[in-house]
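The structure appears right after this line, and notes come after that.
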Amino acid sequence: MQTTPVKVLDAIALLVDKPALSLSSGQVGTIVEITASGVYEVEFCDTKGRTIGFAELRRADFLVLHHEPALAA
């Protein structure tokens, strides 16, 4: 289970395909809202910054990305 805390504006990588939303594993998104316990609203954009879509994801559906070196727990 992933234990990294999640906050608004965190960059994430999708771990599962979401074909109904035209999203595939590995796509990068941004947390824009935490809607309820364990549910996160994520915005996905193209390389020009245009919104592709939004998805409500559970914590198990994504990996929080780090821009600074971090030690493994």
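Quick look at the values:
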| quantity | calculated |
| --- | --- |
| Carbon plus sulfur fraction of accessible area for the chain, probe 1.4 Å, in percent | 57 percent |
| Placed amide H near L23: partners under 5 Å, 5+ positions off or other chain | K18 |
| Å² of accessible area per residue within the chain, as computed with a 1.4 Å probe and no ligands counted | 70 Å² |
| Nitroxide proxy distance, nm - points 7 Å out along Cα→Cβ at S25 and R58 | 1.7 nm |
| Which labelled figure in [x] 131; [y] 98; [z] 142 is volume of the Cα convex hull per residue in Å³, once derived from the coordinates | [y] |
| In sequence order, calculated HN-Hα J values of the stretch 3-8 (Karplus, 6.51, -1.76, 1.60; Hz; x Gly/Pro) | 10, 4, x, 10, 9, 4 |
| Backbone HN-Hα couplings from phi across the stretch 13-23 [Karplus 6.51/-1.76/1.60, Hz, Gly and Pro as x] | 10, 5, 9, 10, 6, 10, x, 5, 9, 6, 10 |
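The values are calculated or read from the model by the stated rules, or taken from the named source; none is laboratory data. Since the structure is predicted, the reported quantities are computational estimates derived from the model, not experimental observations. Positions of Cβ are generated from backbone atoms using ideal geometry, with glycine treated the same way; all protein chains shown enter the neighbour counts. The accessibility values were calculated without ligands, DNA or RNA, using every heavy atom of the protein model including side chains. Shrake-Rupley method; radii C 1.70, N 1.55, O 1.52, S 1.80 Å.
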